[in-house]
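What follows is calculated from the coordinates using simple rules that are stated; it is not laboratory data. What you see is a predicted model, and the numbers here were worked out from it, not measured in a lab. Because the Cβ atoms are built from the backbone with ideal geometry, glycine has one as well, and the counts that use them run over all protein chains shown.
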Amino acid sequence: MTDDSDITDGSSVVDPVDGRTPPAVAVVDAQSPGNVGTIARAMKNFGFEELLLVDPPELDPEGEAYGFAGHAREDVLPNADEIGFDHLVENYHTIGCTAVTNEDDRSHTRFPYSTPAELADRLPTVEAPTALVFGRERVGLTNEELARIDEICSIPANADYPVLNLGQAATITLYELRNLALGDATQLPDLERVRAPEPTIDRVYDQWADLLAEINHPEEKREKTMRMLRRVFGRADLTEREANTLLGLLRRATERPAEK
């Protein structure tokens, strides 16, 4: 880790998608090295790279933090910067994450707040280096710290037990904000690209119509039945492989009576 003397402007790796810098992740006074490692791993999962540590625990390369970090032990964790809280709030647009919010606008320490999903839509408009700030395992961020932070984020949860583990809270938040770091570069394929072409889907419908006729489905009900099938398969977004498999099954079902 480096200290805050090596950090001057809150800069980080620029997001190749839109030229913006993804938010940094700051952890204030964490007590468990394992939680720091868990957060580093979540950052690696969702494309975040800049980890800022305020009063961190000892992070032994042979210890719990690196053990929990997964592949983040290779870059995110060893490249983490140790900084002071003053430096954090002076050089970043800060978003403090808390489970406890005020119920109305009579106090502005923990209210108003945004959910992580709302932040995902709004943060791209912030023209400043940003940092998501997570607090201690037991008490989170203090009111004094939150009073110096620019805005508040809270995860919707069960009102009877809204407090999440530090690592869990960070993972959920980073997941919701992943597009700020990854853009469209995720592991999952684009469903629009694998959806069966319309001519193939039309053949599925034609085969269904043939099957309804073959089994003597009441003629006055066929139009309604076909409309229902179109709605079902329209919601399903069949892949080409799925559509071809259905075509084969329907064809065999249609031809089977003729074989007897």
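Couple of notes before you dig in:
- Descending by average beta-carbon neighbour count within 10 Å, the peptides 202-211, 218-227, 145-154, 39-48 line up as 39-48, 145-154, 202-211, 218-227, the highest first.
- Taking a ≥ b ≥ c as the square roots of the eigenvalues of the Cα gyration tensor, the range 191-259 is classed as oblate, since a/c reaches at least 1.5 and a/b does not exceed b/c.
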